[in-house]
1. Just one of (1) under 21 Å from the mean Cα position of the chain (by Cα); (2) touching a residue at least 60 places away in the same chain (Cβ under 8 Å) trips up Leu128, so point out which.
2. Among the residues of segment 61-75, write down those that are in contact with a helix residue (DSSP H, G or I) (Cβ under 6 Å, 6 or more places away or on another chain) and not aliphatic (A, V, I, L, M).
3. Quickly run through segment 65-116 and pick out the residues that are surrounded by fewer than 20 Cβ atoms within 10 Å (Cβ to Cβ) and part of a strand (DSSP E or B).
4. Filter segment 130-175 down to residues that are part of a helix (DSSP H, G or I) and polar (S, T, N, Q) and give me whichever is nearest to Leu230 (Cα to Cα).
5. Considering only strands (runs of 3 or more DSSP E) fully contained in segment 296-345, which possess at least 1 residues that are over 20 Å from Arg252 (Cβ atoms) and acidic (Asp, Glu)?
6. Could you tell me how many of the residues in segment 23-55 are under 18 Å from Ala82 (Cβ atoms), among the hydrophobic types (A, V, I, L, M, F, W, C) and touching a strand residue (DSSP E or B) at 6+ places or on another chain (Cβ under 6 Å)?
7. At pLDDT 95 or above, in the same structural domain as Gly311 (by TED's automatic domain parsing), crowded, with 24+ Cβ neighbours inside 10 Å and more than 22 Å from Arg330 (Cβ to Cβ): is that true of Met235 in this structure?
8. Here's a check for you: in segment 190-230, which residue that is modelled with pLDDT of 90 or more and of a type in the set (Ser, Thr, Tyr) is surrounded by the most Cβ atoms within 10 Å (Cβ to Cβ)?
Amino acid sequence: MTGDDAYRAFGDPEGRFPAVESVGERLLGSLLDRAHLIPARLVGPLVAQELGHAGVDEVAILLQDVDQVDLHPLTGPGLSGAQVPIDGSPAGDAFARDEAVDEPLDGGRVRMHLPMLDGSDRVGVLSLVLHDPTEADRRLAQRAAGLVADLVVTKDHYTDTFARVRERRPMELAAQLQWESLPPLSMTTPDVELAGILEPAYEVGGDSFDYALDEHVLHLAVFDAMGHGLTAASMATLVLAAYRHARRRDLRLTATYAEMDRVVAEVFPGRFATGQIARLDTDSGELCWVNAGHPPALWVRDGHVIGELTGRPTRPIGYGGAVSEEHAVRLEPGDRVLFFTDGVVEERLDDGEQFGESRLREVLEETSAEGVSAAETVRRLSHALKAARAGRTSDDASLLLVEWKAPPRDDELAPDIPEASPTGSGSR
């Protein structure tokens with residue numbers, strides 16, 4: 001079968017597509033064709049090989065470590081690169097800004113650092129050297145970075161290869177249990193943006209968070225299980241599972257709280273977990289929540305904390321039989337809300353004073369004023385808080401930041417897709 005015959009056989013009787021592949025089609029096509037069978041250990045070498053065939057030099061695939069301080073290279077034939085800090089390096093700038101960063105070299109060469117994004121979750125950075133790159137070269141490199149991110153994320157489900165690169169020291173068993181239960185640390189759409197983080201990354205035991213975006217409803221949750229170690233991690237995992245079980249049946253927030261409360265009371269009698277569960281209507285900006293013993297979330301507008309999500313809190317999850325109370329506010333486009341656990345503000349400083357919410361507000365406003373993404377805000381905020389506490393984290397400390405950007409514009413994003421029929425996913 002000739003090339004023209006092949007195109008006609010696959011539904012192109014008018015011969016609109018060229019029979020000869022371009023460099024970009026050959027590169028991306030070869031990666032896609034071989035990706036489904038390639039073992040994880042060969043992902044990096046395969047990428048380096050195919051990019052080399054396309055005229056690219058010095059390929060490096062850099063993954064962020066668990067606490068998002070450094071970028072670490074995959075190793076293997078054809079791969080280069082060394083560990084670099086996220087703060088203060090060109091590759092780190094690409095990771096932090098979610099955009100390509102050029103590093104000029106001699107002879108018209110450019111080392112490009114391209115963020116590897118799986119959807120909007122930050123996977124790492126693809127670095128490569130091109131000679132006098134054109135705009136077409138840059139587009140191809142960016143698409144290659146996205147494909148490499150997808151390869152890493154897909155293979156990561158059944159290998160420890162990438163986890164070993166990210167984990168720079170042994171992780172405690174309780175922390176391993178918690179990290180395995182988390183969703184991606186960040187998500188961005190034209191309507192909403194969010195990011196979360198757990199610390200201390202290698203010892204966290206009782207904290208967890210979750211989210212899901214269904215139709216025009218963003219579900220949010222933050223939990224802090226009583227105690228430390230495996231018992232706390234096991235209870236947090238159970239709370240998270242009960243939350244997801246209720247959420248997927250579209251229960252109201254009050255009914256979701258009741259189900260979690262009942263399950264924890266039955267399985268862990270005498271123990272409890274604090275938490276907040278919430279729903280954001282991305283059409284209207286209405287945010288509803290139930291607070292089960294957590295510090296009130298902070299409400300941020302134009303880089304300033306304008307208030308707290310207050311209201312009478314409900315008893316912590318696990319006491320059994322409590323009736324919860326739902327509260328609501330209306331956000332404006334661009335507003336952010338920071339949910340956090342008490343470990344963030346209750347840490348003691350050298351003089352015995354608690355770190356406190358006022359210091360949290362100061363650091364949050366300083367970080368928010370820089371105008372960076374939610375993911376980068378949370379990363380910087382976490383590191384700034386640890387520095388302000390002189391590195392102390394005697395309790396788990398977790399953050400979940402959400403921004404309502406604007407009402408949905410589905411007709412602009414996918415104008416040829418007919419509008420979906422209404423569902424019950426927006427009910428509270």
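1. (1)
2. Across segment 61-75, the qualifying residues are Asp65, Gln68, His72.
3. Matches in segment 65-116: Asp70, Leu79, Pro85, Asp102, Glu103, Pro104, Arg109, Val110, Arg111.
4. Within segment 130-175, the subset part of a helix (DSSP H, G or I) is 135-156, 161-166, 173-175.
Next, only the ones that are polar (S, T, N, Q) stay: 142, 154, 161.
On the way: Gln142: 42, Thr154: 28, Thr161: 25 Å.
The extreme case among them is Thr161.
5. Working: elements: 298-301, 304-308, 327-330, 336-340.
The strands (runs of 3 or more DSSP E) meeting that bar are 304-308.
6. Taking segment 23-55 first, the residues under 18 Å from Ala82 (Cβ atoms) are 44-45, 47-48.
Next, from what is left, pick out any that are among the hydrophobic types (A, V, I, L, M, F, W, C): 47-48.
Then keep just the ones that are touching a strand residue (DSSP E or B) at 6+ places or on another chain (Cβ under 6 Å); that gives 48.
Total satisfying the criteria: 1.
7. Details: at pLDDT 95 or above: no; in the same structural domain as Gly311 (by TED's automatic domain parsing): yes; crowded, with 24+ Cβ neighbours inside 10 Å: yes; more than 22 Å from Arg330 (Cβ to Cβ): yes.
For Met235, the condition - at pLDDT 95 or above, in the same structural domain as Gly311 (by TED's automatic domain parsing), crowded, with 24+ Cβ neighbours inside 10 Å and more than 22 Å from Arg330 (Cβ to Cβ) - is not met.
8. The residue in question is Ser208.
The values are calculated or read from the model by the stated rules, or taken from the named source; none is laboratory data. From a predicted model like this one, the values you see are computed outputs, not experimental measurements. Neighbour counts are summed over all protein chains in view; Cβ atoms, including those assigned to glycine, are modelled from backbone coordinates with ideal geometry.
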